[in-house]
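Notes for the one structure printed next.
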Amino acid sequence: MTLYFLSANDMTFFEKTSDPWFSANKELGTFSFVNVTDGSLFNRTYYGTDEPANVVGCAVSEQFCNPNLPEATRCEPLRRADNLLPASTIQLWPNERTQLLARWSIRNMFLMRLNVWYLVNSLGSSILLARQRLGGGQQQPLPNNQWQLEMEHWHSASLASLQAVFVDTSVGITDPLLEEEAVRPNNETAYERCQNQV
C-alpha cells in the first residue's frame, strides 16, 4: 500500500473541482477583468482547495501467468508486488529449462522496470496530467475523475517501462555508463531467449 499526497495550496482553480483528490470548492473571491478585445468588464470567481492536502492510496498486487497451461491453472494467485519469486510462480513452468528462463526474465523485470512508486518518487508533481492544464498557478477545469486519469497514466507509464526492459535486453546496452548495471544471461536457456528476440 502506497499513499500519495497532493497539495495545491497556492493554486487557484478556474472552476469548482469535485474530483475527490483535486477537490477545490472553496470560493476565494470574484475579480473583475477587462476584455482585451472590446474593453468590456467581466467577472471571474476563483476557487481554492478544500483541504491542505488530499491523499489517494494504491494497493499494488500482481501475478504471473503461463498462457500455455489450462485456463484453471495458468495463473498464480494475486500477491504483493515486492515478493520477487515465490514457489507459486515457478510452478507455472513445468520443466527446468523454462523455469530457468522464467527466473532470469522475472529477475530482469524486477531489477530494471520503473514501477509506479519509483516513477512518482522520481518525477514528483511533473508526472501529473493535470499540470498540462496549469499556468501561472491557475488550474484550468478538471473532470470529476481526474484522479482516475492520473492513476491510469502512472500505470501505463509503468507498463511501458516493463516493455522497454525486454526491448533493452534484446538490443543491449548502448550507454557505457550503464554497463555495470547490466543483468546478463546466466545460463544457456536465457542466452538463447535473448538471441531469439533480435
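Observations on the model:
- Tally of residues being within 29 Å of residue 151 (Cβ to Cβ), touching a residue at least 24 places away in the same chain (Cβ under 8 Å) and in a loop (DSSP other than H, G, I, E, B) across region 68-119: 6
- Looking across region 136-157, the residues that are small (Gly, Ala, Ser) and either modelled with pLDDT of 90 or more or under 19 Å from residue 25 (Cα atoms) (or both) come down to 137, 156, 157.
- Residues (in a loop (DSSP other than H, G, I, E, B) and either of a type in the set (Phe, Trp, Tyr) or in contact with a helix residue (DSSP H, G or I) (Cβ under 8 Å, 6 or more places away or on another chain) (or both)) located in region 51-67: 60, 64
- Within region 122-143, the set of residues being surrounded by 12 or more Cβ atoms within 10 Å (Cβ to Cβ) and not hydrophobic (A, V, I, L, M, F, W, C) comprises 125, 133, 138, 139, 140, 143.
- Qualifying residue in region 30-38 (condition: assigned to a strand (DSSP E or B) and either in contact with a Gly (Cβ under 8 Å, 6 or more places away or on another chain) or within 30 Å of residue 122 (Cβ to Cβ) (or both)): no
The values are calculated or read from the model by the stated rules, or taken from the named source; none is laboratory data. The shown structure was predicted, so the numbers you read here are calculated from the model rather than taken from an experiment. In this analysis, Cβ positions are derived from the backbone assuming ideal geometry, glycine residues included, and neighbour counts consider all displayed protein chains.
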